[in-house]
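Undergrad: This is the structure I want to talk about, given as C-alpha coordinates.
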Amino acid sequence: KIRGYFLAKTHLKTIHQCDKIITCSKSLKESFFNKYDLDFDYIQNGVNLEKYHISTIEEKKNLRQKLNIPTDKYIFISIGSLIYRKDPISLIKGFLNSENSSKSILYLLGDGPLIGEIRDLIKGKNNVILCGKKSNVSDYLRAADYFVSLSLSEGLPNTVLEAMASGLPVCLSDIPSHNEIMDYNKSAGILTPVGDSKKLSLNINKIIDFDYEEMSNIAQNIIKSHFSAKKMSNKYHNVYNNLIYNKQRFGKRNRNEK
(Lines give C-alpha, C1' and ligand atoms only; values in the text may rest on other atoms or scores of the structure.)
Protein backbone atom coordinates (compact mmCIF):
# COMPACT_ATOMS: atom_id res chain seq x y z
CA LYS A 1 0.00 0.00 0.00
CA ILE A 2 2.86 2.40 0.80
CA ARG A 3 4.56 1.71 -2.52
CA GLY A 4 1.23 2.04 -4.31
CA TYR A 5 0.60 5.41 -2.70
CA PHE A 6 3.89 6.87 -3.93
CA LEU A 7 3.46 5.33 -7.39
CA ALA A 8 0.00 6.93 -7.61
CA LYS A 9 1.43 10.32 -6.60
CA THR A 10 4.13 9.98 -9.26
CA HIS A 11 1.51 8.97 -11.83
CA LEU A 12 -0.63 12.03 -11.10
CA LYS A 13 2.43 14.29 -11.24
CA THR A 14 3.36 12.86 -14.65
CA ILE A 15 -0.18 13.40 -15.93
CA HIS A 16 0.19 17.15 -15.47
CA GLN A 17 3.10 17.15 -17.94
CA CYS A 18 1.07 15.59 -20.76
CA ASP A 19 -0.41 17.52 -23.69
CA LYS A 20 -3.60 15.48 -23.68
CA ILE A 21 -5.19 13.04 -21.23
CA ILE A 22 -7.97 10.68 -22.31
CA THR A 23 -9.66 8.15 -20.04
CA CYS A 24 -11.32 5.01 -21.39
CA SER A 25 -14.74 5.78 -19.88
CA LYS A 26 -17.02 8.59 -18.83
CA SER A 27 -17.13 7.17 -15.30
CA LEU A 28 -13.31 7.41 -15.01
CA LYS A 29 -13.40 10.98 -16.28
CA GLU A 30 -15.91 11.84 -13.56
CA SER A 31 -13.86 9.99 -10.93
CA PHE A 32 -10.69 11.97 -11.74
CA PHE A 33 -12.64 15.22 -11.65
CA ASN A 34 -14.39 14.47 -8.36
CA LYS A 35 -11.28 13.14 -6.59
CA TYR A 36 -8.50 15.28 -8.01
CA ASP A 37 -10.26 18.17 -9.79
CA LEU A 38 -8.70 17.00 -13.07
CA ASP A 39 -10.81 17.59 -16.17
CA PHE A 40 -9.99 15.00 -18.85
CA ASP A 41 -11.65 13.91 -22.06
CA TYR A 42 -12.81 10.35 -22.55
CA ILE A 43 -13.09 7.88 -25.39
CA GLN A 44 -14.89 4.67 -24.56
CA ASN A 45 -13.21 1.33 -25.29
CA GLY A 46 -14.28 -0.50 -28.42
CA VAL A 47 -14.63 -4.10 -29.60
CA ASN A 48 -13.55 -5.82 -32.80
CA LEU A 49 -16.94 -6.89 -34.15
CA GLU A 50 -15.37 -9.28 -36.65
CA LYS A 51 -13.87 -11.33 -33.82
CA TYR A 52 -16.71 -11.07 -31.31
CA HIS A 53 -20.17 -11.85 -32.65
CA ILE A 54 -23.21 -14.01 -31.96
CA SER A 55 -22.82 -17.69 -32.83
CA THR A 56 -25.43 -19.63 -34.72
CA ILE A 57 -26.91 -22.66 -32.95
CA GLU A 58 -24.66 -24.93 -35.01
CA GLU A 59 -21.55 -22.84 -34.33
CA LYS A 60 -22.22 -22.84 -30.59
CA LYS A 61 -22.71 -26.61 -30.63
CA ASN A 62 -19.42 -27.13 -32.48
CA LEU A 63 -17.55 -24.77 -30.15
CA ARG A 64 -18.83 -26.61 -27.08
CA GLN A 65 -17.69 -29.91 -28.51
CA LYS A 66 -14.30 -28.41 -29.32
CA LEU A 67 -13.91 -26.93 -25.82
CA ASN A 68 -15.42 -29.95 -24.04
CA ILE A 69 -18.34 -27.89 -22.72
CA PRO A 70 -21.67 -29.69 -22.07
CA THR A 71 -24.48 -28.91 -24.48
CA ASP A 72 -27.27 -29.63 -21.97
CA LYS A 73 -26.31 -26.98 -19.37
CA TYR A 74 -26.64 -23.22 -18.99
CA ILE A 75 -23.09 -21.91 -19.34
CA PHE A 76 -22.05 -18.87 -17.30
CA ILE A 77 -18.64 -17.36 -17.89
CA SER A 78 -16.47 -14.86 -16.03
CA ILE A 79 -13.13 -13.54 -17.25
CA GLY A 80 -10.41 -11.76 -15.30
CA SER A 81 -7.62 -12.03 -12.78
CA LEU A 82 -8.53 -13.90 -9.59
CA ILE A 83 -7.86 -10.93 -7.32
CA TYR A 84 -9.74 -9.10 -4.58
CA ARG A 85 -10.90 -6.27 -6.87
CA LYS A 86 -12.67 -8.77 -9.14
CA ASP A 87 -14.36 -10.44 -6.12
CA PRO A 88 -14.50 -13.98 -7.57
CA ILE A 89 -15.31 -15.38 -4.12
CA SER A 90 -18.70 -13.61 -3.88
CA LEU A 91 -19.34 -14.49 -7.51
CA ILE A 92 -18.78 -18.22 -6.93
CA LYS A 93 -20.82 -18.24 -3.71
CA GLY A 94 -23.69 -16.51 -5.48
CA PHE A 95 -23.59 -18.97 -8.35
CA LEU A 96 -23.39 -22.08 -6.15
CA ASN A 97 -26.32 -20.93 -4.00
CA SER A 98 -28.59 -20.17 -6.95
CA GLU A 99 -31.51 -22.50 -7.60
CA ASN A 100 -30.29 -23.06 -11.15
CA SER A 101 -26.72 -24.02 -10.25
CA SER A 102 -27.51 -27.74 -10.61
CA LYS A 103 -28.33 -27.25 -14.29
CA SER A 104 -25.61 -24.67 -14.93
CA ILE A 105 -21.82 -24.50 -15.07
CA LEU A 106 -19.64 -21.49 -14.27
CA TYR A 107 -16.40 -21.20 -16.24
CA LEU A 108 -13.71 -18.92 -14.81
CA LEU A 109 -11.02 -17.76 -17.24
CA GLY A 110 -8.01 -16.25 -15.49
CA ASP A 111 -5.48 -16.80 -12.75
CA GLY A 112 -4.29 -14.99 -9.64
CA PRO A 113 -3.50 -15.05 -5.91
CA LEU A 114 -7.01 -16.15 -4.86
CA ILE A 115 -6.70 -19.44 -6.74
CA GLY A 116 -6.01 -21.44 -3.56
CA GLU A 117 -9.01 -20.02 -1.69
CA ILE A 118 -11.20 -20.65 -4.74
CA ARG A 119 -10.08 -24.28 -5.00
CA ASP A 120 -11.04 -24.80 -1.36
CA LEU A 121 -14.42 -23.14 -1.98
CA ILE A 122 -15.31 -25.35 -4.96
CA LYS A 123 -13.86 -28.59 -3.58
CA GLY A 124 -16.26 -31.42 -4.39
CA LYS A 125 -18.21 -29.25 -6.84
CA ASN A 126 -18.35 -30.16 -10.51
CA ASN A 127 -20.18 -27.10 -11.79
CA VAL A 128 -17.41 -24.49 -11.33
CA ILE A 129 -14.53 -24.92 -13.76
CA LEU A 130 -11.19 -23.13 -13.39
CA CYS A 131 -9.80 -22.72 -16.90
CA GLY A 132 -6.74 -20.59 -16.17
CA LYS A 133 -5.52 -18.10 -18.77
CA LYS A 134 -6.72 -18.73 -22.31
CA SER A 135 -5.67 -17.32 -25.67
CA ASN A 136 -8.98 -18.26 -27.34
CA VAL A 137 -11.28 -16.17 -25.14
CA SER A 138 -13.59 -15.37 -28.05
CA ASP A 139 -14.33 -19.09 -28.52
CA TYR A 140 -15.37 -19.46 -24.88
CA LEU A 141 -17.57 -16.38 -25.06
CA ARG A 142 -19.35 -17.55 -28.20
CA ALA A 143 -19.85 -21.00 -26.62
CA ALA A 144 -21.36 -19.57 -23.41
CA ASP A 145 -24.88 -18.37 -22.55
CA TYR A 146 -24.34 -15.66 -19.92
CA PHE A 147 -21.54 -13.43 -18.66
CA VAL A 148 -21.19 -12.56 -14.98
CA SER A 149 -18.93 -10.13 -13.08
CA LEU A 150 -18.99 -8.82 -9.50
CA SER A 151 -15.96 -6.53 -9.81
CA LEU A 152 -15.60 -3.85 -7.15
CA SER A 153 -14.25 -1.34 -9.70
CA GLU A 154 -13.34 -1.15 -13.38
CA GLY A 155 -12.27 1.37 -16.02
CA LEU A 156 -14.48 0.21 -18.87
CA PRO A 157 -14.11 -3.59 -18.91
CA ASN A 158 -13.29 -5.02 -22.33
CA THR A 159 -14.42 -8.46 -21.19
CA VAL A 160 -17.97 -7.17 -20.62
CA LEU A 161 -17.98 -5.42 -24.00
CA GLU A 162 -16.65 -8.55 -25.74
CA ALA A 163 -19.24 -10.74 -24.01
CA MET A 164 -22.08 -8.45 -25.06
CA ALA A 165 -20.72 -8.28 -28.62
CA SER A 166 -20.91 -12.09 -28.55
CA GLY A 167 -24.59 -11.79 -27.65
CA LEU A 168 -24.31 -12.76 -23.99
CA PRO A 169 -26.83 -11.27 -21.54
CA VAL A 170 -24.88 -9.96 -18.55
CA CYS A 171 -25.19 -10.05 -14.79
CA LEU A 172 -22.92 -7.29 -13.46
CA SER A 173 -22.03 -5.53 -10.24
CA ASP A 174 -23.67 -2.14 -9.79
CA ILE A 175 -20.58 0.03 -10.30
CA PRO A 176 -20.19 3.23 -12.39
CA SER A 177 -18.44 1.61 -15.38
CA HIS A 178 -21.02 -1.18 -15.63
CA ASN A 179 -23.82 1.36 -15.34
CA GLU A 180 -22.20 3.37 -18.12
CA ILE A 181 -22.64 0.40 -20.45
CA MET A 182 -26.08 -0.64 -19.23
CA ASP A 183 -27.47 2.89 -19.39
CA TYR A 184 -27.79 2.45 -23.15
CA ASN A 185 -30.38 -0.28 -22.55
CA LYS A 186 -30.88 -1.95 -19.18
CA SER A 187 -32.69 -4.87 -20.83
CA ALA A 188 -29.30 -6.34 -21.80
CA GLY A 189 -28.89 -7.82 -18.33
CA ILE A 190 -29.15 -7.32 -14.57
CA LEU A 191 -27.15 -5.24 -12.10
CA THR A 192 -26.29 -6.69 -8.69
CA PRO A 193 -25.16 -4.76 -5.58
CA VAL A 194 -21.39 -4.96 -5.03
CA GLY A 195 -20.33 -7.96 -2.94
CA ASP A 196 -23.91 -9.23 -2.52
CA SER A 197 -23.70 -12.96 -3.28
CA LYS A 198 -27.29 -13.58 -2.11
CA LYS A 199 -28.67 -11.02 -4.53
CA LEU A 200 -26.50 -12.50 -7.26
CA SER A 201 -28.09 -15.91 -6.61
CA LEU A 202 -31.55 -14.40 -7.11
CA ASN A 203 -30.45 -12.57 -10.26
CA ILE A 204 -28.95 -15.73 -11.76
CA ASN A 205 -32.31 -17.42 -11.25
CA LYS A 206 -34.08 -14.42 -12.73
CA ILE A 207 -31.93 -13.93 -15.83
CA ILE A 208 -32.52 -17.50 -17.01
CA ASP A 209 -36.28 -16.85 -17.00
CA PHE A 210 -36.02 -13.79 -19.26
CA ASP A 211 -36.40 -13.86 -23.06
CA TYR A 212 -32.90 -14.97 -24.06
CA GLU A 213 -33.00 -14.02 -27.73
CA GLU A 214 -34.26 -10.52 -26.93
CA MET A 215 -31.57 -9.91 -24.29
CA SER A 216 -28.89 -11.31 -26.59
CA ASN A 217 -29.82 -9.02 -29.47
CA ILE A 218 -30.05 -5.98 -27.18
CA ALA A 219 -26.59 -6.72 -25.74
CA GLN A 220 -25.03 -6.99 -29.19
CA ASN A 221 -26.81 -3.90 -30.51
CA ILE A 222 -25.42 -1.79 -27.65
CA ILE A 223 -21.89 -2.72 -28.72
CA LYS A 224 -22.56 -2.25 -32.42
CA SER A 225 -24.08 1.18 -31.84
CA HIS A 226 -21.74 2.59 -29.18
CA PHE A 227 -18.65 0.45 -28.50
CA SER A 228 -17.21 -0.74 -31.81
CA ALA A 229 -13.44 -0.64 -32.31
CA LYS A 230 -14.01 1.41 -35.46
CA LYS A 231 -15.83 4.15 -33.53
CA MET A 232 -13.07 4.21 -30.92
CA SER A 233 -10.36 4.31 -33.59
CA ASN A 234 -11.99 7.22 -35.43
CA LYS A 235 -12.24 9.24 -32.22
CA TYR A 236 -8.56 8.71 -31.40
CA HIS A 237 -7.67 9.54 -34.99
CA ASN A 238 -9.41 12.91 -34.63
CA VAL A 239 -7.62 13.61 -31.35
CA TYR A 240 -4.20 12.86 -32.87
CA ASN A 241 -4.92 15.05 -35.89
CA ASN A 242 -5.98 17.95 -33.67
CA LEU A 243 -2.86 17.58 -31.53
CA ILE A 244 -0.62 17.59 -34.60
CA TYR A 245 -2.46 20.56 -36.09
CA ASN A 246 -2.19 22.59 -32.90
CA LYS A 247 1.50 21.75 -32.47
CA GLN A 248 2.24 22.86 -36.02
CA ARG A 249 0.08 25.97 -35.77
CA PHE A 250 1.35 27.25 -32.44
CA GLY A 251 4.90 26.11 -33.13
CA LYS A 252 4.93 28.21 -36.32
CA ARG A 253 3.47 31.19 -34.48
CA ASN A 254 6.09 30.97 -31.74
CA ARG A 255 8.90 30.87 -34.33
CA ASN A 256 7.46 33.95 -36.09
CA GLU A 257 7.28 35.83 -32.79
CA LYS A 258 10.95 35.13 -32.15
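Undergrad: Among the residues of the range 186-204, which ones are among the β-branched types (V, I, T) and not in a helix (DSSP H, G or I)?
TA: Residues satisfying the conditions are I190, T192, V194.
Undergrad: Continuing with the same structure: Between D209, D196, which is of a type in the set (D, E) and open to solvent by 70 Å² or more (accessible area, probe 1.4 Å)?
TA: D209
Undergrad: A further question on this structure: How about the range 60-79: which of its residues are in contact (Cβ under 8 Å) with a residue 24 or more places away in the chain, surrounded by fewer than 21 Cβ atoms within 10 Å (Cβ to Cβ) and under 14 Å from K134 (Cβ atoms)?
TA: Answer for the range 60-79, where residues must be in contact (Cβ under 8 Å) with a residue 24 or more places away in the chain, surrounded by fewer than 21 Cβ atoms within 10 Å (Cβ to Cβ) and under 14 Å from K134 (Cβ atoms): L63, K66, L67, I69.
Undergrad: In the range 11-22, what residues are open to solvent by 80 Å² or more (accessible area, probe 1.4 Å) and either under 16 Å from L156 (Cα atoms) or not in a loop (DSSP other than H, G, I, E, B) (or both)?
TA: If the condition is that a residue be open to solvent by 80 Å² or more (accessible area, probe 1.4 Å) and either under 16 Å from L156 (Cα atoms) or not in a loop (DSSP other than H, G, I, E, B) (or both), then H11, K13 are the ones that fit.
Undergrad: Further question on the same structure: Exactly one condition in (1) more than 30 Å from I244 (Cα to Cα); (2) β-branched (V, I, T); (3) without any contact (Cβ under 8 Å) to a residue 40 or more places away in the chain is false for I15; which is it?
TA: The failed condition is (1).
Undergrad: Going through the range 158-170 one residue at a time, which ones are open to solvent by less than 10 Å² (accessible area, probe 1.4 Å) and either β-branched (V, I, T) or free of Cβ contacts under 8 Å to residues at least 40 places away in the same chain (or both)?
TA: Listed by number, the residues that qualify are V160, V170.
Undergrad: Can I ask one more? Restricting to the range 23-50, and then to whatever is touching a residue at least 40 places away in the same chain (Cβ under 8 Å) and in a helix (DSSP H, G or I), can you tell me which residue is surrounded by the fewest Cβ atoms within 10 Å (Cβ to Cβ)?
TA: My answer is E30.
Undergrad: Moving on to the next point. Go through (1) open to solvent by less than 40 Å² (accessible area, probe 1.4 Å); (2) under 16 Å from the mean Cα position of the chain (by Cα) and name the single condition P176 misses.
TA: So the condition that P176 fails would be (1).
Undergrad: Now for a separate question. Only one residue in L91, L82, L106, L121 is aliphatic (A, V, I, L, M) and in contact with an Asp or Glu (Cβ under 8 Å, 6 or more places away or on another chain). Which one?
TA: Selected residue: L82, the only one of L91, L82, L106, L121 that is aliphatic (A, V, I, L, M) and in contact with an Asp or Glu (Cβ under 8 Å, 6 or more places away or on another chain).
Undergrad: May I pose another question? Looking at E154, is it among the charged types (D, E, K, R), touching a Pro at 6+ places or on another chain (Cβ under 9 Å) and either under 14 Å from I204 (Cα atoms) or open to solvent by 30 Å² or more (accessible area, probe 1.4 Å) (or both)?
TA: Considered against the rule, which asks whether it is among the charged types (D, E, K, R), touching a Pro at 6+ places or on another chain (Cβ under 9 Å) and either under 14 Å from I204 (Cα atoms) or open to solvent by 30 Å² or more (accessible area, probe 1.4 Å) (or both), E154 comes out as yes.
Undergrad: Now for a separate question. Check the range 239-258 and report whether any residue there is of a type in the set (D, E), modelled with pLDDT of 95 or more and in a helix (DSSP H, G or I).
TA: Within the range 239-258, none of the residues are of a type in the set (D, E), modelled with pLDDT of 95 or more and in a helix (DSSP H, G or I).
Undergrad: Which condition from (1) over 24 Å from N127 (Cβ atoms); (2) touching a strand residue (DSSP E or B) at 6+ places or on another chain (Cβ under 8 Å) is the one that N217 breaks?
TA: Of everything listed in (1) over 24 Å from N127 (Cβ atoms); (2) touching a strand residue (DSSP E or B) at 6+ places or on another chain (Cβ under 8 Å), N217 misses just condition (2).
Undergrad: If a residue must be at negative phi and open to solvent by 10 Å² or more (accessible area, probe 1.4 Å), how many such residues does the range 96-115 contain?
TA: 13
Undergrad: Please go through the range 122-146 and give me each residue that is over 16 Å from S166 (Cβ atoms), among the hydrophobic types (A, V, I, L, M, F, W, C) and open to solvent by less than 50 Å² (accessible area, probe 1.4 Å), ordered by number.
TA: I122, V128, C131
Undergrad: Could you say whether any residue in the range 97-108 is within 12 Å of S81 (Cα to Cα) and touching a Ser or Thr at 6+ places or on another chain (Cβ under 6 Å)?
TA: Yes, that holds for at least one residue.
The values are calculated or read from the model by the stated rules, or taken from the named source; none is laboratory data. Because the structure is predicted, anything quoted here is derived from the model rather than measured. Quick reminder, even Gly has a Cβ in these numbers, built from the backbone with ideal geometry, and neighbours come from all protein chains shown. Note: accessible area is taken over every heavy atom of the protein model, side chains too, but ligands, DNA and RNA are not part of it. Shrake-Rupley method; radii C 1.70, N 1.55, O 1.52, S 1.80 Å.
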